[in-house]
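The values are calculated or read from the model by the stated rules, or taken from the named source; none is laboratory data. These numbers come from a predicted model, not from an experiment. Here the Cβ positions follow ideal geometry from the backbone for every residue, glycine too, while neighbour counts run over all protein chains shown.
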Amino acid sequence: MKEKTTGRTGSAWGLFAMALLLAVLMTITAGRAGAEVNPQPYDRVIIFGLDGAGAKIQEGKTPNFDRIFGDGAITYEARAPLPTVSAPGWGAMLYGVSGIVNGMDNDFAGKFHKSNKLYDSIFKLTKEAYPDAKAASFANWWDLNWGLIERDCGIYLYPDKQIEPPKEDITKKVIDWLEKNDPKLLFVYYGELDEVLHSKGFGSKEYMEEMTQEDEQIGLVYDELQKRGLLENSLILFVTDHGGDKKSHGGDTDGETKITFAAAGPRVEKQGTVEDVEIQDVAAIVLYALGIEQPENQMGRVPKGIFPGVGGGERKASLLTERYSHFSGIRSAETGRELTIPVSMASKVVYYEDFDGEVKGLNGKKELAAGLTGKGLNMRNSFLKTDIKQNAKWPGMSIGFWFRDEGYSSSGGDAVFVTDKKWTKGQFKGFMIALFDDAIQVNIGSGQAYRKDLFWNLPPDYRGKWVHCLTVFDQKTQTVRLYCDFVLVAEADMIPNKASNWVPAKEIFVGQDTSGKYSCWMNAEMDDLIIFNEALTPEEIEQIRAGYEPYITQ
């Protein structure tokens, strides 16, 4: 239904000193404006979502939208996240962070459950705050209920199998459910408008007609809520994920990025104009309305113009810029780079390459470039074939390195940092750490149909600066953890099988997949690659960071 977006071994380590470098942890500042808890919470929040409606609502025949929200707070200038496709948009609404930060992507949403365990959806947070409350999501885009919302958060999901029923069926199921349930949080989603966008064009006659039909469905649900007395002390919201450009979307034109947001209910500004809304703000609005404290790691905030005297303040423009920092230089190359790591960690090192001496296994054009200090791997045309194979008997594995990306410019796929498999199919057995547009991607495949993908979006200003990436594969806890500049930024469950099901008997490659012929290259340098045969603890990762600290400058 939705548009796709498309060496050296460590034998000499022991107690030896190792060269490492970069990144001091930035202090996390205090909370932001707009995160206060509502002293007079609503009994329930109802969200209507129309996929692909953009700001066209103001041009259409939508009598039910007009009667529900006409006296409420509306804007047609709200902003969708980039890329302007469905999973990042609805993911941002659900989790209060930009979609790719939470790993929401159309290519994966329908295949895998939401992965990043560091963030909770508005549904999960609602159920935690009100364990006995009823909540539900009705959506005729299968991927939304399957891939974006936690399957174990204790809410009712329709459909709960891989079907995409028509809008009339969604409406009937909502009405049937309301006969026996008073929701604390209800999400009703209609997706056919996006299909018409792709087939007939954004704003076409057929598109506008479909919008009117979906407006009719909203009216039927609203009337049922009214009939059952469920509008009293309720907040009603209208949200969409993106607009369009002709028969497509995904770009940054006004038609694609401008979206409609509306709110109605008691204590909502009468005929108010909502100021400066982004779709991740919806999570903050829902939590505020229900009297639930907003998690500190959310990016959104309650905008001005919805609730009298509430909202505004600065939004977290990038969660990353407050979670960690990255740097552009070192204090002095002449001061040396000798750095001792603890005995307990040195014994876990199975591979280390600083690219400053003889580099074994160098392939491609065999070029080095300026590194963090000394030399680094030129990932534009050269790669490394190590003599290290992951062992299924290892209790885990940790891979760390520095990289400096000058701009993602290759074509053909996701550029590889480190892997032990061919990267033509994510299901292949093994792991892969890559650059996916401006996000770090970690993939694990079982060799059959199963794959796990974890994403973390890099900050807007990361290019041209050195960033440390460390991935921990923990067999004991069956989790994958991603650290950027030594701060945990993403965590996901591993494949729910023993390690041998995803550990191939192949050497680890750097800058290429194991074929050595993958078409996508990275416009970047790498330095100080290190591989451990255990899952590093947070305390050990902090020790590595502290070891770099004397040699870096902000």
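Can you name the residue in segment 437-451 that is within 15 Å of D420 (Cβ to Cβ) and outside any loop (DSSP other than H, G, I, E, B) and, of all such residues, is modelled with the lowest pLDDT?
R451
Is it the case, given these coordinates, that L290 is of a type in the set (A, V, I, L, M, F, W, C), surrounded by 21 or more Cβ atoms within 10 Å (Cβ to Cβ) and more than 20 Å from G52 (Cβ to Cβ)?
yes
Return the residues of segment 49-80 that are of a type in the set (A, V, I, L, M, F, W, C), under 16 Å from I306 (Cβ atoms) and in a strand (DSSP E or B); say none if nothing qualifies.
Passing the criteria: A73, I74, A78.
Out of (1) under 21 Å from E77 (Cα atoms); (2) part of a loop (DSSP other than H, G, I, E, B), what's the single condition that is false for N181?
Status for N181: all satisfied but (1).
Filter segment 141-171 down to the residues that are outside any loop (DSSP other than H, G, I, E, B), surrounded by 15 or more Cβ atoms within 10 Å (Cβ to Cβ) and not aliphatic (A, V, I, L, M) and list them by number.
Across segment 141-171, the qualifying residues are W142, D143, N145, W146, G147, Y156, Y158, K167, D169, T171.
Just checking, which of K180, K173, K134, K127 is closer than 28 Å to M211 by Cα, assigned by TED's automatic domain parsing to the domain that holds E216 and modelled with pLDDT of 95 or more?
K173
Which condition from (1) in a loop (DSSP other than H, G, I, E, B); (2) surrounded by fewer than 20 Cβ atoms within 10 Å (Cβ to Cβ) is the one that E195 breaks?
(1)
In segment 228-271, which residues are more than 27 Å from the chain's Cα centre (by Cα) and in a strand (DSSP E or B)?
The answer is S234, L235, A264.
Taking segment 464-485 as the region of interest, how many residues are within 15 Å of M526 (Cβ to Cβ) and among the basic types (K, R)?
Total meeting the criteria: 1.
Table: residues versus (1) buried (at least 23 other Cβ atoms within 10 Å of the Cβ); (2) modelled with pLDDT of 85 or more.
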site	(1), (2)
P460	no, no
R463	no, no
V480	yes, yes
D485	yes, yes
E491	no, yes
A499	no, no
A505	no, no
L529	yes, yes
A535	no, yes
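Look at K258 and say whether it is at negative phi, of a type outside the set (V, I, T) and at pLDDT below 95.
no
For K421, indicate whether it is assigned to a loop (DSSP other than H, G, I, E, B), crowded, with 23+ Cβ neighbours inside 10 Å and either modelled with pLDDT of 90 or more or assigned by TED's automatic domain parsing to the domain that holds A524 (or both).
yes
So how many residues does segment 88-124 have that are modelled with pLDDT of 90 or more and assigned to a helix (DSSP H, G or I)?
Matching residues across segment 88-124 total 10.
Out of all the residues in segment 27-57, which are surrounded by 16 or more Cβ atoms within 10 Å (Cβ to Cβ) and at pLDDT below 95?
R32, G34, A35, N38
Out of the residues in segment 348-378 meeting the condition of being of a type in the set (G, A, S) and either in contact with a helix residue (DSSP H, G or I) (Cβ under 7 Å, 6 or more places away or on another chain) or part of a loop (DSSP other than H, G, I, E, B) (or both), tell me which one is surrounded by the most Cβ atoms within 10 Å (Cβ to Cβ).
Restricting to residues being of a type in the set (G, A, S) and either in contact with a helix residue (DSSP H, G or I) (Cβ under 7 Å, 6 or more places away or on another chain) or part of a loop (DSSP other than H, G, I, E, B) (or both), the top hit is G371.
Yes/no per residue for (1) closer than 23 Å to F69 by Cβ; (2) in contact with a helix residue (DSSP H, G or I) (Cβ under 7 Å, 6 or more places away or on another chain); (3) not β-branched (V, I, T):
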| position | (1), (2), (3) |
| --- | --- |
| Y119 | no, yes, yes |
| Y156 | no, yes, yes |
| N181 | no, no, yes |
| Y189 | yes, yes, yes |
| S199 | no, no, yes |
| L220 | yes, yes, yes |
